[in-house]
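The values are calculated or read from the model by the stated rules, or taken from the named source; none is laboratory data. Remember, predicted model here, so these are calculated numbers, not experimental data. Positions of Cβ are backbone-derived with ideal geometry, glycine not excepted, and every protein chain shown enters the neighbour counts. Just so you know, the surface numbers come from the protein's heavy atoms only, side chains and all, with ligands and any DNA or RNA stripped out. Shrake-Rupley method; radii C 1.70, N 1.55, O 1.52, S 1.80 Å.
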Amino acid sequence: MRNGSSTFETRPLGRTGLRVLPLGVGTNKWGRADPAAVLETYRTVVGAGPCLVDTAEVYGSERAVGRCLSTDRGRAVVASKFAPFPGRTSPRRLMKALDASLARLGLETIDLYYLHFPLPLIDLRVFADGLAEAVKSGKARAVGVCNFNAERMRRIADHLAKSGAPLAANQVNYSLSRRTPETNGVLDACRELDVALVAYTPLASGRLTRPGDAKGSGALKALLADVAGAHGASISQVALNWLMARDAHVIPIPGATKPRHAEDNLAALAWRLSEAEFDAIDQASAPWKR
Ligand SMILES: NC(=O)c1ccc[n+]([C@@H]2O[C@H](COP(=O)([O-])OP(=O)(O)OC[C@H]3O[C@@H](n4cnc5c(N)ncnc54)[C@H](OP(=O)(O)O)[C@@H]3O)[C@@H](O)[C@H]2O)c1
């Protein structure tokens, strides 16, 4: 898996030309966690390569991420999100929010800027125009969406393509205990349009890290523990490795506020599931495809 030096292989972020580690880090708790532990967690992930560091204006963690970046920009690939609340539905509001995020992060350009969720009653073109403007202005290298279904994703990808800003990613809830992106058309659309599927809550908010605590329990948990044991790895690594093996477009972003958790998750990049292990986990987690 390593490419000869101390770095891991990377995956493309859609058609943007940007490449990232197949595993990012979620920072939604960084604003309220121990700053020393957060900095060490950050150093751990960026030390491994171009790691997607995922924040959002609504997490209250952009300043914490900014403090980490100011100590060492490293190879962090920074992503934040615009929340299109009612009343914030113009390209101008999006650009204003982006400026505020950049100020909190201490950056002039963000690597990836997402629309945090769709606002169904508002024409998608308004947000496509805002995202395209973010790229044109040089304030964002790439743009994406979160929580978009396949149909909306195709529509905004189309609008963005016309503006010369390809849709880089759709960030959705995806884990072994929530496999709906495989059945609701989102994974298929990501493959077809060559868009990264950034998987949030990939450890089911921590429930998939503990034996006897994962949703659905029983067979799946026992299997994850067995596979982990066979590789001398953690259950978290098995859950993350399964997602990464599912499709080359999938990039999980497990949240971590503790360096040992980030280190443990990164260790998933150093080994792979056998085909038989992948298939067995596929079957045991099939009930959560719904
Ligand atoms: N776009 C959206 O709408 C959206 C929604 C939700 C989340 N997100 C993003 O997705 C990220 C990930 O989601 P999440 O943080 O909610 O859930 P998650 O990644 O499924 O789980 C995070 C939890 O697992 C623990 N953990 C991580 N690695 C571990 C390990 N190796 N062993 C044991 N425990 C471990 C963390 O503990 P510690 O904190 O103690 O290290 C934390 O409690 C968020 O941080 C956020 O950036 C996006």
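Scanning the stretch 112-127 for residues that are of a type outside the set (A, V, I, L, M), within 16 Å of the ligand (Cβ to nearest atom) and in contact with a helix residue (DSSP H, G or I) (Cβ under 9 Å, 6 or more places away or on another chain) turns up Tyr113, Tyr114, His116, Pro118, Pro120, Phe127.
On the stretch given as the stretch 135-176, residues that are touching a Pro at 6+ places or on another chain (Cβ under 9 Å) and closer than 30 Å to Leu223 by Cα total 7. The set of residues in the stretch 238-271 that are over 16 Å from Gly26 (Cβ atoms) and touching a helix residue (DSSP H, G or I) at 6+ places or on another chain (Cβ under 7 Å) comprises Val238, Asn241, Trp242, Ala245, Asp247, His249, Ala267, Trp271.
Tell me, which residue of the stretch 16-41 that is assigned to a loop (DSSP other than H, G, I, E, B) and within 8 Å of the ligand (Cβ to nearest atom) is surrounded by the most Cβ atoms within 10 Å (Cβ to Cβ)? The qualifying residue surrounded by the most Cβ atoms within 10 Å (Cβ to Cβ) is Thr27. Checking the stretch 192-199 against the condition returns a match, with at least one residue being open to solvent by less than 10 Å² (accessible area, probe 1.4 Å), in a loop (DSSP other than H, G, I, E, B) and more than 8 Å from the ligand (Cβ to nearest atom).
Here is a yes/no grid of residues against (1) more than 19 Å from the chain's Cα centre (by Cα); (2) part of a helix (DSSP H, G or I); (3) within 12 Å of the ligand (Cβ to nearest atom):
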| position | (1), (2), (3) |
| --- | --- |
| Leu187 | no, yes, no |
| Ser205 | no, yes, yes |
| Lys221 | yes, yes, no |
| Val227 | yes, yes, no |
| Arg260 | yes, yes, yes |
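State whether the residues of the stretch 102-119 include one that is within 30 Å of Val238 (Cβ to Cβ) and crowded, with 23+ Cβ neighbours inside 10 Å. There is at least one residue in the stretch 102-119 that is within 30 Å of Val238 (Cβ to Cβ) and crowded, with 23+ Cβ neighbours inside 10 Å.
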